Amino acid sequence: MEQTIMQHMEIVRGITENTIRRIPEERADIIPAGYNNNIRWNFGHIAYIQEKLVFELSGAESGVPGNYKELFSAGTKPSDWKSTPPSFAEISEVLNHQKDRLKEYIPGHFHQKLKEPFTNRAGITFHTVGETFLFSFYHEAMHIETIKRIYRAVKS
């Protein structure tokens, strides 16, 4: 079963990696009416939250740059940024490296308990690495859809 789940992760992350390659970076920082964030924020947020859900909550060391928390954690927005955000190339590298780290880390850790149960903003409580990892697929897909909607709004 873990092998099937890992294959699914490869598919989901592959969609994310293809999407970041297809969107012109000059559109990445436009925030259309009705949105709080831009395309760059959504890609960085995917990377940061995946890291938090799988690695940080289990007690493992974070593998994303230190400024990702201040730039891309839940509740942040580009209008509050006090530092220059990473380029698409840098975010893409983080996403790709993270995928490789997940492939190494997840097997054998799926049933590992988190340091303490974690309740997300939607009120869902997670107890194991596997639970947070599976939820991360939904989270990533939700933000890819948001990226596509923002792109449609800013491409013309």
So, in region 51-68, exactly how many residues are of a type outside the set (D, E, K, R) and without any contact (Cβ under 8 Å) to a residue 24 or more places away in the chain?
3
Run down 82, 77, 52 and say which single residue is over 18 Å from residue 28 (Cβ atoms) and surrounded by fewer than 18 Cβ atoms within 10 Å (Cβ to Cβ).
82
Would you please list the contacts, defined by Cβ atoms under 9 Å and residues six or more apart or on different chains, that run from a residue in region 80-107 that is of a type outside the set (Lys, Arg) to a residue that is surrounded by fewer than 12 Cβ atoms within 10 Å (Cβ to Cβ)?
88/21; 92/21; 107/3
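State which residue is most open to solvent (accessible area, probe 1.4 Å) when the search covers only region 104-154 and only residues that are basic (Lys, Arg) and more than 16 Å from residue 59 (Cα to Cα).
So, considering only residues that are basic (Lys, Arg) and more than 16 Å from residue 59 (Cα to Cα), the one most open to solvent (accessible area, probe 1.4 Å) is 121.
Identify, from the list 145, 116, 104, the residue that is among the charged types (D, E, K, R) and within 17 Å of the chain's Cα centre (by Cα).
Only one candidate passes the filter, namely 145.
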Confirm whether residue 103 is of a type in the set (Lys, Arg) and modelled with pLDDT of 95 or more.
no
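Would you mind stating whether residue 97 is farther than 26 Å from residue 20 by Cα and surrounded by fewer than 18 Cβ atoms within 10 Å (Cβ to Cβ)?
Here the answer is no, as residue 97 does not meet what is asked.
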Taking the condition of being loosely packed, with under 15 Cβ neighbours inside 10 Å and among the hydroxyl-bearing types (Ser, Thr, Tyr), how many residues in region 1-40 meet it?
1
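The values are calculated or read from the model by the stated rules, or taken from the named source; none is laboratory data. Treat the numbers as computed from the prediction; the structure is a model and nothing was measured. Cβ coordinates were reconstructed from backbone atoms using ideal geometry, including for glycine residues, and neighbour counts include every protein chain displayed. Surface areas here come from the heavy atoms of the whole protein model, side chains and all, with no ligands, DNA or RNA. Shrake-Rupley method; radii C 1.70, N 1.55, O 1.52, S 1.80 Å.
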